[in-house]
Amino acid sequence: MIGMSNDVQLAPGRAAPAFTLLDQDGDKVRLASFKGRRVLVYFYPKADTPGCTQQSCLLRDVEPQIGDTAIIGISPDPSAKQRKFADKYQLPFPLLADVDHVVAEKYGVWKQKSMYGRTYMGIERSAFLIGTSGKIEQAWYKVSPKDTPVNLLKALGR
């Protein structure tokens with residue numbers, strides 16, 4: 001709802017909220033299916049915009065250095081827009097469509113924002129490293145696009 005702010009703040013040690021969303025191919029992706037692997041879940045405001053493109057491409061570029069760790073991107077964009085974004089930049093990981101921002105709310109990243117005097121609800125760029133047991137290892141709220149891969153590599157000891 002416009003005007004409502006989500007004060008959820010996930011801390012390390014807490015179980016990561018479960019989710020099932022459609023990816024860029026329209027296939028269901030469940031967080032639970034990654035159990036036993038570390039997963040970076042990153043939330044971005046809008047596919048194919050400058051900051052989101054930078055963040056996603058930098059994560060694509062570090063993917064060979066992160067071993068078995070999975071990467072999942074989530075935005076409110078529909079699957080078809082995620083597909084175009086993935087194809088345009090050769091993004092090799094799932095981009096999930098959280099059109100109703102249900103998952104963003106569970107992770108506390110659906111926030112009231114303001115631009116040019118207009119107030120609206122949207123994604124606060126954030127990333128979460130989820131451990132093999134499904135618990136949050138790291139939570140980076142208000143992360144910059146360029147810091148997302150740096151934080152991931154540091155958390156993985158690389």
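Tabulated data for the structure shown
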quantity: Order of M115, M121 under a 10 Å beta carbon neighbour criterion, fewest first; calculated: M115, M121
quantity: Dipole in debye (nearest 20) - the chain, about Cα centre, beta carbon charges: Lys, Arg +1; Asp, Glu -1; calculated: 240 debye
quantity: Burial ordering of S126, S114, S33, S79, fewest other beta-carbon atoms within 10 Å first; calculated: S114, S33, S79, S126
quantity: Cα-based shape type of the range 23-93, given that a ≥ b ≥ c are square roots of the gyration tensor eigenvalues and the cut on a/c is 1.5; calculated: oblate
quantity: Cα-based shape type of the chain, given that a ≥ b ≥ c are square roots of the gyration tensor eigenvalues and the cut on a/c is 1.5; calculated: rounded
quantity: Cα-based equivalent ellipsoid of the range 93-158: semi-axis lengths in Å, sorted from largest, via gyration tensor; calculated: 25, 15, 10
quantity: Per-residue Cβ neighbour rank within 10 angstrom, fewest leading, Y44, Y120; calculated: Y120, Y44
quantity: For the range 20-155, with +1 on Lys and Arg beta carbons and -1 on Asp and Glu, the positive-most of L129, L96, I71 along the dipole; calculated: L129
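Values quoted throughout were computed directly from the atomic coordinates according to the rules given, and no laboratory measurement underlies them. Only a predicted model underlies this, so the values are computations on that prediction, with no experimental measurement involved. Note: ideal-geometry Cβ built from the backbone for every residue, glycine included; neighbour counts use all protein chains shown.
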